[in-house]
Amino acid sequence: MSEIAVELKEITKKFGDVVANDSVSLIVNKHEILSVLGENGSGKTTLMNMIAGIYRPDSGKILIDGNEVTIHSPKDAYKYKIGMIHQHYKLVNVFTAAENIILGQDTGKVLDIKKVKADIQNICDLYGFKINPDQKIYDMSVSEKQTVEIIKVLYKGADILILDEPTAVLTPQETKSLFQVLRNMRENGKSVIIITHKLNEVMEISDRVTVLRKGKYIDTVKTKNTSIQALTEMMVGEKIDLDIKRSMPVNPKQVLKVENLTCVSKEGITVLDNVSFTVRSGEFLGIAGIAGCGVRELFECIDGIHRYTKGKITFYDKDGNEIDLTNKSTKDFKKLGVRIAFVPEDRLGMGLVGPMGMTDNVMLRSYRKGKVPIVKRKEPRSLAAAIKKRLEVKTPNIEYPVRRLSGGNVQKVLVGREISSSPDILMVAYPVRGLDINSSYLIYNKLNEQKCQGAAVMSIIEDLDVLLDLSDRILVLNNGHITGIVDARTTTKEEIGYLMTADVSEVKNV
């Protein structure tokens, strides 16, 4: 009997003139965890979507257990015992876990919910899942929702599981639990394919690694015979520096003080509750927290975008003079001589104007300085050209609409514009989300440069390994509360993960 679970032969997929996959051949073995690596746009998710029946290849063959098959839809994929767990979960919030797991299955029999729950429990016992079948989805954490999605696939009989960025929003503790479940699956004969960009996790969990680059198959290697540097070079096509050059803060001085900040959302929910902390010049203050922790509102309150119901924000200039910023706007900041730069999570919604080119987007920060009706474009055009060169922005020209650029290049334009203002405080939300590894390290080092030039840098970063390497201190936000401010040089991922998810009432606020 063949030990090959899935074999792809010369798979090609095009979207118009764009070749997403170019004659890719790949083998997935039984009893194996295979990681699929590649930069954004390398074609890894498209390739997996063809195995899962979401796309159909333009040419090439898919073989399951040695037999050529045609997969027209996810329903066909399940017929061949293939299931995919997507990055964005497809669950009905008002249903229970058990109801979501059985949803859409045509058994031809009267539904026996007791038997469904018993079958779910058997799956949990076999692989090590922990889930309450009667719990509503809206009451679940992100990791619990992911567990429901995985059990749903297993309940349908999948032997080949594809997981797209499964640890993107998990804490270290949740990632550890997931990896143990995946190992249990492998030992039980399952084939697991993981699409990911986290190289440390690739080295920890996978048996083999397949690398794609610009839609082409590069190589498949045994994990034990490779290294992070070697995998990076395969992904990028050249040697790159993966070192984050963190320096010690030089003469750090308090530049911002936040006291008892309380903020309520439009829906009347308290998203920040008595938050207090200080920020220092020449220091990188990392922020850790899961989705919805309150960091977006925190940055917007500091930047004067979001009004808050209680609290005080004080800025300290270079001479130590206090400037009250409480509920003042960005326009007020300029009058007071306070330079705060903000790179929001929503790049095109809040950060840049999509139909405009780089020059016009740069001018958004400076057009009020003009004293004549005609706006002068020479200086902004020169600055846009400098940003394009310094951050290696790939665009036909600086007047090309930024909405037509890739996510990575949009982020470079936004970061470049904000740091060009020589800010006293630089706040960046998820600076490398969606960026390839080369662009990510370019951005990391640009943030570190700002710190070295005396700016106070505040940033939330999903990858805790990077957050620990970049930060001097780490502030942990948990459901709108600060559950800890720790020294990044001495803390651990496990401590950060605990503070991110622990019961707020059990954790002493800082």
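The values are calculated or read from the model by the stated rules, or taken from the named source; none is laboratory data. Just so you know, these numbers come straight off a predicted model, no measurement behind them. Virtual Cβ from ideal backbone geometry, glycine too; neighbours counted across all protein chains shown. Side chains are part of the model used for accessible areas, which takes the heavy atoms of the whole protein and leaves out ligands, DNA and RNA. Shrake-Rupley method; radii C 1.70, N 1.55, O 1.52, S 1.80 Å.
General remarks:
- The distance separating the Cα centre of region 172-207 from that of region 1-67 comes to 20 Å.
- Spin-label model, Asn40 to Ala230: label points 7 Å out along the Cα-to-beta-carbon direction sit 2.9 nm apart.
- MRE, 222 nm, helices only [DSSP H, n ≥ 4, -39500 (n - 2.57), over the chain, to nearest 500]: -9000 deg cm²/dmol
- Here region 409-510 is treated with +1 on each Lys and Arg Cβ and -1 on each Asp and Glu Cβ, and its dipole about the Cα centre works out to around 340 debye.
- Protein-only accessible surface order, largest first, of Met248, Met350, Met185 at 1.4 Å: Met248, Met350, Met185
- Estimated FRET transfer efficiency (His31, Tyr400; beta-carbon r; R0 56 Å; 0.05): 0.70
- Of the whole protein surface, Asp125 contributes about 110 Å² of accessible area at a 1.4 Å probe radius.
- Between 0 and 90°, nearest 10: helix 113-127 axis offset from the chain longest Cα axis: 80
- Inter-label distance, Asn184 to Arg377: 6.2 nm, where each label sits 7 Å from its Cα along the C-beta direction.
- Of the solvent-accessible surface of the chain, computed with a 1.4 Å probe over protein heavy atoms with every protein chain present, carbon and sulfur atoms account for 49 percent.
- Model label sites at Val19 and Asp243, defined 7 Å from Cα along the beta-carbon direction, differ in position by 3.8 nm.
- For region 209-337, the dipole from Cβ point charges (+1 on Lys and Arg, -1 on Asp and Glu) about the Cα centre works out to 320 debye, to the nearest 20.
- 12 Å cut-off, amide nitrogen to a point 7 angstrom out along Glu165 Cα→Cβ, residues in region 174-216: 195-198
- Relative to the dominant Cα principal axis of the chain, helix 437-452 is inclined by about 30°.
- Contact order for region 17-80, expressed relative to its length and based on alpha carbon pairs under 8 Å spaced 6+ residues apart, stands at 26 percent.
- Per residue accessible area of region 127-258, 1.4 Å probe, in Å²: 45
- Length-normalised contact order of the chain in % [C-alpha pairs under 8 Å, at least 6 apart]: 15
- Charged side chains reduced to their Cβ positions (Lys and Arg at +1, Asp and Glu at -1) give the chain a dipole of some 1820 debye around its Cα centre.
- Compared with the alpha-carbon gap, the fully stretched path from Asp487 to Glu3 is longer by 169.4 nm at 0.36 nm per residue.
- P(r) tail fraction, region 108-247 - alpha-carbon pairs more than 24 Å apart, %: 42
- Derived scalar couplings between HN and Hα for region 259-264 equal 10, 6, 6, 10, 9, 10 Hz in order, rounded to whole Hz, by the Karplus curve 6.51 cos²θ - 1.76 cosθ + 1.60 (θ = phi - 60°), x for Gly and Pro.
- Cα gyration tensor shape of region 6-127, rounded if a/c is under 1.5, else prolate or oblate by comparing a/b with b/c: prolate
- Of the options (i) 48; (ii) 41; (iii) 37, only one is percent of Cα pairs over 35 Å apart as computed from these coordinates, and that is (ii).
- Each Cα pair under 8 Å and six or more residues apart adds its sequence gap; the mean of these over the residue count of region 377-483 is a relative contact order of 20 percent.
- Length gained when the stretch Val353-Lys389 is fully extended (0.36 nm per residue, less Cα-Cα span): 10.9 nm
- Note on Ile113 and Glu267: the extension gain reaches 51.9 nm, defined as 0.36 nm multiplied by sequence separation minus the Cα-Cα distance.
- For the chain, the antiparallel share of DSSP beta bridges with both residues in that region comes to about 55%.
- Rounded FRET efficiency, nearest 0.05, which uses the C-beta distance separating Lys216 from Ser59 and R0 of 22 Å: 0.90
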